[in-house]
Structures are given as structure tokens and as C-alpha cells.
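Working notes for the structure below.
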Amino acid sequence: MILVILLTVCSFTSATVLRDNGYEDVHIVIQDSVDENWKLVERIKEVFTGASQHLFKATENRVYYRKINIIVPKTWTETREHNITVQSLSLTGYVTIEEGKIQTPHVKKQGCGQEGQYMYLTPSFLLETGSTRWGDYESVIVHEWGHLRWGLYDEYWLPKQQFYQHAGKWKPIRCTENVEGRVGIDHRCDDSLNVKYCDVNNTAKKMHSKCWFCPSISQSTNTSIMSYQFVPSIAMFCDKDVPATPEWKRHNRRAPNMQNKMCGRKSAWEVMREHEDFANGASPILPEDTDTSPEFNLVQETEAIRVFVLDVSGSMSGSRIEGLHDTGVYIVQEVLRNGSWLGLVRFSSEAVQAHKIVQITDDSVRVDLIQNLPSIAGGGTCIGCGINVAIEMIETTFGSAKGCEIILMSDGEDGNENELLTATQKAISSGVVIHAVSISQAADQRMISLASDTGGKHFNYLDQGSISFAAVFSEAVSGIGSFYDYSAVGKSLTGAMGHLEPGEYNVTVISSIHHTWDYIVKSFPSEPHPILVTSRLSTTKVDFSFESPDLPVLYVDVTKGKAPVVGAIIEAHVEASSILCTLSPKDNGQDPDSLEGDGVYSVYLLPKCLTNGRLNIRVTVKGQVNETTVINSINGALALDESEAKQEIISDGFQRFSLPEPIFVDRFQRSISDIVAPGQITDVNIVNIETQMTSNGESRNFTVSWTATGNDMNIGQASFYKIRYADDIDTIFNNFSSAYTLDIGNVSLTPKQSGMMETIVISVDAEQTYTDTAYLGIVAVDEAGNQGKVSNIVSIVVAKGFRISFEGETNYTETEDVIITFPATTVSQDVSTVRSNDEASHTGLIVGVSVGVFAGIVVVGLILSVVLRKRPPKSTYEVSRKSQTSLHEHANVNYVAEKK
């Protein structure tokens, strides 16, 4: 018998909290895509019990999991007497378990030191016994918890960089440098060709792109778990690189990894100590024998409980009340699913219950609700009155309002300040979630904080632009920012449609309040992994009273079954009463985008797109036929047998829409002065090294490349570059102006247009052996003297008394390295036997054994495998409809469908 504990009648909304060293309300959500399997629940308990003890040790006996809620889908067999609603979309920092195109455990990160959106695990990962290809379960969970809870980043290599120059050697990217291992060809580290291609002592030439570092499985190094978590001995977090820190625990500040890039070269513990979990003496060290076994509560999902709180004041007269009524009809008819609960409240100077809370079971209930939607406006505005009535309705019906939802819509300012204050306090204390929609610029600004303070979202509908009222209302109800598109005859039908059987339909679409269009639409069989779009802002409030405020960044996430979708064309339309501005988010790894090809497209909201007040943003995502690709891998936990990413070509075009929360701008003054600096250069790299001996010693030419940034962040063209170098990394990073200037003589190094490749040659001459290190950084400057941030730092091996000079620009184009063929006597060993090998194999990832095969056959076979592996497998599928089988899926425009 499975015991399910009744926690609440509504959904969880609180994030994970830390009380007395123990994490509570850790939510593990099993999604609808997972078939019923109660063995999975037991495995979750086993894995997270072990992970709790592992987390305790990794944090030096400071924190562990105390209370974990396992949330199973409503589609599973009922094992309780009472319904409990849990909507994973209301959660933050949760663990999701689902069947997707991606198998790799990973976290959807949101920035250094910031809590991630979710930790992703698959049922197959949890159900497998023994160690996994990503390491022991406990190590993987703790590694990903570092991402999820504290906003840490990986400390191993970057996708296009495995090594860097330092102290007379090519160093593998690792943290700490005490991690033992070997260097070889590919991820199995064949070392038979090391002298020719992967000699770490030969810094006079560039390392081959196929060279790889394989950490030893059997070693005693115990840090850092944000690096090679599959090595059993690595179980701690690295700390600051200072003499007071034991050498084995010191963070590698020089390694060009994501932790250093995103967190300003801070170690894991430096970031963690700034988090509220550890700041100011929080979470003191506990005894080693502390019981870290979590308490598990099993909860089953049921349908949502909502109350619509609708403004019917005088300012809503005319088209606004008509639009509100028509959209309400659409939402009740098409969006809300059977089994969900809904009540209606209307307010003006006072508030009244328009319809009690009922469960939607059939069309008669929907008709009754529609008949009670408001259609007449008049009177003042008392938002607080409406909220109080709604909370009272919920508590009367269910006993508690915790986690239930209020959808609030208003176009004016509350005329009863005390009532709104009281209602806000009551909403927070009751645990109700309020999603607020502002219908005009005059809507009360306190609706923004009302939504955020209760765990809800705020949306704008500003009587202008191309975003329909139905789309905004649907967004508030569904909580997911992805609207679907169907190919139609002659046009593209925008919006998400409800459940249609496969076939051809005549469809009337209501895409705005007063316009309708007729289409013929083909509905295809359901796609198990639809393309989804979500968008968010780095901040929803910008105050320009500060001398140099950080510009907000828009992030657009495009995925298919959690797999990144690349090559999409994205436009972000910023709309307000006085502006209509279009921007183009990119997934190119250039500032502000953090990693190329991860399906996250980013763009700054520049001053030309800003004005005081609330700004609405609409994101349009388009996929061109055969030009958009799904990458069936993700930047997650590193595996023992890491392989190249497989790709899937999307053979049909598609279109999606997303509405991030609005942004509020204060004290903005549009002036002629230029206050925006060029963007940060993020991809400075050594692409070639040529060495020659002269009568005065050794001379090396380093070809260095980077992508040009712009005049205003990544837009336009900067005026000039400052290129500086120093013999210590701290000078470049912390005191760039005091570093040596690279003298470019009379050469004109004018920055190119943003996005173009810059390539220069730097010459280093010295009489002595090259065993020292110099660090190089670049800053872009605009015509107003605004300087961008210091670029990523490149290290080059030099010699004492070296002389460095600028040789000018070059048209050098980086070419692919020669194809490596292996000797006929070398074959790969199966990864499953890796861990049983002795230290003679060092990493256990490959051994060379003698076999009786012909050399010619092996060479031909390997060349074919290399060639074929570079060709992405082509697969196609039809653009699919959006079904209504999950809380995550809703229609977004009205339609009337009649099958032909």
C-alpha cells in the first residue's frame, strides 16, 4: 500500500526553504510523460536518501535534505481519499522527472548565484542499478544541486576548448589542478599518438582539436564535485585560491571554464558563502553522526482551483468590457479543462461573488459560468475588495487557500488604499497565488508587486500592439509562455488549438477582439515532444537614477523535449504607449548570450527600446524549413563516455509566441548623450601558433581571434580596441588599466561590425626557455569613451625577458585539424568494464590490445566512422497540434472547427 499524506487542497507554491540546516519543501515532480511505475517512487527515495548524506559531507556537515515531496501525476492510480492539487509550474527550484529527448541530468540555470529553474532527471537514470555513465547517483545529484540551489557552473572544459597554456605546458581544464588523469585522442584518451598530436610539453604549436583529458577513476583527489563528478573520490566543493586554503582544495582561477566565465573566477564556496544558506554564519557545522535521512511525503496531482477577479469599473466601459467578456467566454469554453475548478468575482466600488466555485464537468457547467461573466461596467475601483471576496470564497469551499490561484484583471488605480493593503497581507498569509493582468497604463502599479509577493506573474495588455487579449488571458491562466502555430492555406494560423482528431477542418479564428479570419487547417497526430518557447527577463524593474544601471536582458528558451533548438529566427517586440521597438535575440555565445548552441537566445533591451512606465514584450519564434535543428544533447553532467551531439533537422517551418512578464522602467531620460558601452568580448582564442628559431632565440607568432562586439552592447561598430597584457591574471581582471599596452604602432586596428571575426597576429620573442605565462585581455571602446567589460582572458606561454609586438591583422582562417587514424593494433574497450581496470589504464576509458586484423580494413573503417559521424542524421516530422492532456498545455486563440 502506498501511503499518500494529505498536505493541502491546493497547489504547492513555495520554493525550497532551509530551516536549521535541513532543506524542506524539496519538490520532486513526476511528469505526465512518465508511465505509472511505483517502483520509481521507491527508487527516488533510495537515491535522494543517499544524496542527502552525500550533500551533507560535500558541504562540510552543514546542509542536507529533511523533507521531500514526491508529486505523482493525476493520471496514475489514485491511492488516497482526498484530492491534492499540485501544479509544477508554480514551483521554483524543483526536480522534474520526465521522458524526453535528452537523457543527460542537468539544471536549467539562470545566472551565477541565482537559483535554477529545475533539475532534470529521467526515469531510466533513476531506475538503473549500480553506477551510471555520469557517475554514482549521489554525486550526480549533489553536482546538479550546486547548479540548482546556489547557481554554480561546471568546472570542466568548454565545448570548443579542452586545454590552455600555463607555466610552460598545455594544461587540461580542470578544478583543481590536483585532479589526476592522462591526455589522449578523443574521449577515450588513446595515448598511442600523444607525441605527435597531444604533447602537453610542446607549447610551440596548437593542440589538436581531438586531444582530450581523461581523469583517473582511481585517485585520491577530493575536489571539486562541480568538475568530474563521475570520479568517486571527488566529493567536495573547491574553495578560494589563497594560501590559507589547502592546496588540494584550491580553485583553479586560470582555467577557461564556465564557473570562471560566469562567476568572475570565484570558487564554488565563494559563491556559496554569499548565498543566504551560508551567509552571516547560517548553517553552522553539525556533528558527523547527524541523521540526514529525509522524510518523504507522497502527493498526487489533481485539477487547478481558480477564481477570476474581474474589474467592472466605469473605465472598463465600451470595448474593454466587451473584450473582457468575449475573452472570458473563450477561456471558459476552450482553455479550462474538465475537472478544473472556477469561481467568478466582479468588482467596482465594491465586490460581489458572480458565481460560486464549481468543478467544470460538462458543457452545462461552462454555459452557466459564461452566463455570469460581466458585460456591463460602472463605478469606482476597489481591487482589494475583489481579492478579499475571492479568498473568502476559496477558504469557505476548501478550508484553505494555500496555492490556489486568483486571476486578477484591472485597468485602473485602486481607490481604497487601506483595502488593497489589507487584501495584500491576507493573500500573502493565506498562501494564495495571484496572477495579475494590467489592461492599461493607468492600471495600479501595485498589481506588479501583488503578483510577485504571492508567487504569481504579472502581464500587460495595453490596448495596443498585436497581442490579443485572449493570448494574455490564456498566458495568465496557463502560466506557460508558448503559443502554437498551424500551417494554413496561404497564411500562417497563429495560436494554439485544442484537441482535434487528425483530419482537415474549416476554422474561424478570433485573433483579436473585433477581427475574425477563416482558414482550412490540417491537424496531425500528436507530437510527444512539441517545440516549446519560454521567455524571461533578467529583471522586471529598471531604475535609471543610478549612474550606470545594468540594462535588462531578455532570454528566450526554445526546446523540443528539453533538447535545444538552434537556428530559429527570433524577434522581440517591445511595446508601450510611445514606442514600438524590435530586437533580435541570438544564441551565438556573444554578450549577453552565455553559451552558443544551447537553445537560449539572448538580447539586451537597449535605451532606444525603453521609456518610463510599463513595457509589454511579445516574442515571435520562427523555424525555417530544413534550417532549424534540434541538438539531442545538452550542457549537463559530464559522462564517462561523452560523445558528439546528434542533430535532427526540422523539416517543416513553425511559429511560436511567448509573453514574458512586463518590465517597469523608472526615471528614464532620453538624451543625446551615449551612456551605453560596447558589449563584452567573450571568445578571444588562440587559433594558431607558428614557431621559428632566430639568432636571438625563439620567436612565436600567436594568431588570436575574437568576434567583434558593437558600439552599444552588441549593436553597431565600436571605435577602437584596448589590448593589454600582464604576467599575472589578477592585473588583467581587476586592474586592466595598469597592465601593459600592446603597442600596435602605426597599424590601424579599427573594429569591424558586430558579429564579424577579428584576427590578429602577436609576436613573442625571447632568448630563454618558454616556461612563464602572460595573460591577454581586450576591451572595446566607443566614440563617447564608454568602455566595455574586459574580455575573457587568454594565457600564452612566454619566457623571462620576453618581447611582445603586434604584427597586424590577418585573413587567417582556422582550418580543421588533420584526421587522426589509429594504429591497427588498437581497439576501444567497452565502457562497462572501465571501472574494474587497474591504475595502469589510468582512466579506464580505453586500453590498447593486440588484435589480428588487417591494418587497411581498420584504417578505412575508422575514416568512414569519422566522416559519417560528422554528418547529422536527418529526421523529419510533421508540425503537430497541442493536445490537452497536461496542465502545461492550453489553447491560446479562439476557434470554431467543423470537420470536412
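The values are calculated or read from the model by the stated rules, or taken from the named source; none is laboratory data. These numbers were taken from a predicted model, which means no experiment stands behind them. Cβ sites come from the backbone with ideal geometry, for glycine too, and all protein chains shown count toward neighbours. Each accessible area value is taken on the protein alone, full model and side chains, heavy atoms only, with ligands, DNA and RNA left out. Shrake-Rupley method; radii C 1.70, N 1.55, O 1.52, S 1.80 Å.
Exactly one of (1) over 19 Å from residue 302 (Cβ atoms); (2) part of a strand (DSSP E or B) is unmet by residue 331. Its number?
Checking residue 331 against (1) over 19 Å from residue 302 (Cβ atoms); (2) part of a strand (DSSP E or B), the one that fails is (2).
Taking segment 17-33 only, how many residues are open to solvent by 10 Å² or more (accessible area, probe 1.4 Å) and either farther than 21 Å from residue 114 by Cβ or of a type outside the set (A, V, I, L, M) (or both)?
Residues in segment 17-33 being open to solvent by 10 Å² or more (accessible area, probe 1.4 Å) and either farther than 21 Å from residue 114 by Cβ or of a type outside the set (A, V, I, L, M) (or both): 8 in total.
How many residues does segment 236-263 hold that are among the aliphatic types (A, V, I, L, M) and in contact with a Ser or Thr (Cβ under 7 Å, 6 or more places away or on another chain)?
Residues meeting the conditions: 2.
Return the residues of segment 335-350 that are surrounded by fewer than 22 Cβ atoms within 10 Å (Cβ to Cβ) and either of a type in the set (Gly, Ala, Ser) or in a strand (DSSP E or B) (or both); say none if nothing qualifies.
The answer is 339, 340, 349.
Restricted to segment 780-810, and to residues that are among the small types (Gly, Ala, Ser) and closer than 13 Å to residue 764 by Cβ, which residue is farthest from the chain's Cα centre (by Cα)? First the steps, then the outcome.
First, the residues of segment 780-810 that are among the small types (Gly, Ala, Ser): 780, 784-785, 788, 791, 795, 799, 801, 805, 808.
When the remaining residues are screened for being closer than 13 Å to residue 764 by Cβ, the result is 795, 799, 801, 805.
Details: 795: 29, 799: 42, 801: 46, 805: 41 Å.
Taking the candidates together, the pick is 801.
Assuming residue 273 fulfils every condition listed in (1) at pLDDT 95 or above; (2) in a loop (DSSP other than H, G, I, E, B) apart from one, which condition is it?
It fails just one condition, (2).
Could you look through segment 294-320, keep only residues that are farther than 30 Å from residue 36 by Cβ and aliphatic (A, V, I, L, M), and pick out the one that is surrounded by the fewest Cβ atoms within 10 Å (Cβ to Cβ)?
Within segment 294-320, the match that is surrounded by the fewest Cβ atoms within 10 Å (Cβ to Cβ) is 310.
Would you please name the residue that is most open to solvent (accessible area, probe 1.4 Å), looking only at residues in segment 129-156 that are polar (S, T, N, Q) and touching a residue at least 40 places away in the same chain (Cβ under 8 Å)?
So, considering only residues that are polar (S, T, N, Q) and touching a residue at least 40 places away in the same chain (Cβ under 8 Å), the one most open to solvent (accessible area, probe 1.4 Å) is 131.
I'd like the full set of residues that are open to solvent by less than 40 Å² (accessible area, probe 1.4 Å), under 25 Å from residue 168 (Cα atoms) and either of a type in the set (Lys, Arg) or at pLDDT 90 or above (or both), limited to segment 725-752.
Correct list: 725, 726, 729, 731, 732, 736, 739.
On the given criteria, is residue 353 surrounded by fewer than 19 Cβ atoms within 10 Å (Cβ to Cβ) and modelled with pLDDT of 95 or more?
Details: surrounded by fewer than 19 Cβ atoms within 10 Å (Cβ to Cβ): yes; modelled with pLDDT of 95 or more: yes.
Yes, satisfied.
Check every one of the helices (runs of 4 or more DSSP H) wholly within segment 358-447 and list those with 1 or more residues that are open to solvent by less than 60 Å² (accessible area, probe 1.4 Å) and more than 17 Å from residue 331 (Cβ to Cβ).
So the answer is 383-398, 417-430.
If you take the residues in segment 134-173 that are over 18 Å from residue 120 (Cβ atoms) and of a type in the set (S, T, N, Q), which one is modelled with the highest pLDDT?
Of everything passing the filter in segment 134-173, 165 is modelled with the highest pLDDT.
Scan segment 597-607 and give yes if some residue there is free of Cβ contacts under 8 Å to residues at least 12 places away in the same chain and under 17 Å from residue 258 (Cβ atoms), otherwise no.
Checking segment 597-607: not a single residue is free of Cβ contacts under 8 Å to residues at least 12 places away in the same chain and under 17 Å from residue 258 (Cβ atoms).
When you go through 606, 615, 580 one by one, which is the residue that is buried (at least 21 other Cβ atoms within 10 Å of the Cβ), at pLDDT below 90 and over 19 Å from the mean Cα position of the chain (by Cα)?
It is 615.
For segment 516-566, how many residues meet the condition of being farther than 20 Å from residue 649 by Cα, assigned to a strand (DSSP E or B) and modelled with pLDDT of 75 or more?
We begin by selecting, within segment 516-566, every residue farther than 20 Å from residue 649 by Cα; these are 516-523, 534-556.
Going one step further and asking which of them are assigned to a strand (DSSP E or B), we end up with 516-523, 534-537, 541-543, 553-556.
Next cut, modelled with pLDDT of 75 or more only: 534-537, 541-543, 553-556.
Going through segment 516-566 one residue at a time, the tally reaches 11.
Tell me which residues, restricted to segment 280-310, are within 30 Å of residue 437 (Cα to Cα) and of a type in the set (Val, Ile, Thr).
Within segment 280-310, 302, 305, 307, 309 meet the criteria.
So residue 667 ticks every box in (1) touching a Ser or Thr at 6+ places or on another chain (Cβ under 6 Å); (2) open to solvent by 10 Å² or more (accessible area, probe 1.4 Å); (3) modelled with pLDDT under 85; (4) over 22 Å from residue 550 (Cβ atoms) but one. Which box is left unticked?
Against the list (1) touching a Ser or Thr at 6+ places or on another chain (Cβ under 6 Å); (2) open to solvent by 10 Å² or more (accessible area, probe 1.4 Å); (3) modelled with pLDDT under 85; (4) over 22 Å from residue 550 (Cβ atoms), residue 667 comes up short only on (4).
Suppose the filter is free of Cβ contacts under 8 Å to residues at least 60 places away in the same chain and outside any strand (DSSP E or B); does residue 355 pass it? Steps first, answer last, please.
Numbers: free of Cβ contacts under 8 Å to residues at least 60 places away in the same chain: yes; outside any strand (DSSP E or B): no.
It is false that residue 355 is free of Cβ contacts under 8 Å to residues at least 60 places away in the same chain and outside any strand (DSSP E or B).
Output the number of residues of segment 246-263 satisfying the condition of being part of a loop (DSSP other than H, G, I, E, B) and over 19 Å from the mean Cα position of the chain (by Cα).
Final tally of qualifying residues: 7.
Taking only segment 732-774 into account, find how many residues are over 30 Å from residue 603 (Cβ atoms) and within 32 Å of the chain's Cα centre (by Cα). Please lay out each step first, then the result.
Looking only at segment 732-774, we keep the residues that are over 30 Å from residue 603 (Cβ atoms), and these are 735, 738-748, 761-774.
Okay, now just the ones that are also within 32 Å of the chain's Cα centre (by Cα), so 735.
Here the count works out to 1.
Output the number of residues of segment 203-221 satisfying the condition of being assigned to a loop (DSSP other than H, G, I, E, B) and open to solvent by less than 50 Å² (accessible area, probe 1.4 Å).
Within segment 203-221, residues that are assigned to a loop (DSSP other than H, G, I, E, B) and open to solvent by less than 50 Å² (accessible area, probe 1.4 Å) number 9.
Going by what's in this entry, would residue 677 be described as touching a helix residue (DSSP H, G or I) at 6+ places or on another chain (Cβ under 9 Å) and at pLDDT 85 or above?
no
Would you call residue 329 open to solvent by less than 10 Å² (accessible area, probe 1.4 Å) and β-branched (Val, Ile, Thr)?
No: the conditions fail for residue 329.
For segment 688-714, name all the residues that are surrounded by fewer than 19 Cβ atoms within 10 Å (Cβ to Cβ) and hydrophobic (A, V, I, L, M, F, W, C).
The answer is 693, and nothing else.
Within segment 234-245, which residues are in a loop (DSSP other than H, G, I, E, B) and either crowded, with 16+ Cβ neighbours inside 10 Å or at pLDDT below 90 (or both)?
Scanning segment 234-245 gives 234, 235, 237, 238, 240, 241, 245.
Just the residues that are within 21 Å of residue 625 (Cβ to Cβ) and modelled with pLDDT under 90, please, taken from segment 583-601.
Answer for segment 583-601, where residues must be within 21 Å of residue 625 (Cβ to Cβ) and modelled with pLDDT under 90: just 597.
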